[in-house]
Amino acid sequence: MGLDGDLNFCNTMVDVYMECGCVDSARCVFDEMSLKDEVLWTLIISGYGFERDGRVACGLFNKMRMEMEPNVVMLIVMLQASCASMH
């Protein structure tokens, strides 16, 4: 739809999809984004953590680290994703 350049819109879409449990749709939006900011990475990783899929969350975290350094919020999200997948 040509909205991949609108970071705020796509961040919102990923958040809404994850909140509704539509993980595949959120991932499609995420994968289509050419520019990914910390917010987008945090949303997708925390979403997979919430879904208790720590393996995917860790894989995304490692991929994110190739593009940018994680901030404190991202480290907390990753810790929560890791703990959630243990239960």
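Just so it is clear, none of the values below were taken in a lab; they were calculated from the coordinates. Bear in mind the structure is a predicted one, so any value in this text is a computation, not a measurement. FYI the Cβ positions are ideal-geometry reconstructions off the backbone, even for glycines, and counts take in every protein chain you see.
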The one condition in (1) under 12 Å from the mean Cα position of the chain (by Cα); (2) surrounded by fewer than 18 Cβ atoms within 10 Å (Cβ to Cβ); (3) more than 18 Å from D6 (Cα to Cα) that V56 fails to fulfil | (2)
Got at least one residue in segment 26-49 being free of Cβ contacts under 8 Å to residues at least 12 places away in the same chain, under 21 Å from V73 (Cβ atoms) and either in contact with a Ser or Thr (Cβ under 7 Å, 6 or more places away or on another chain) or in a helix (DSSP H, G or I) (or both)?
-> no
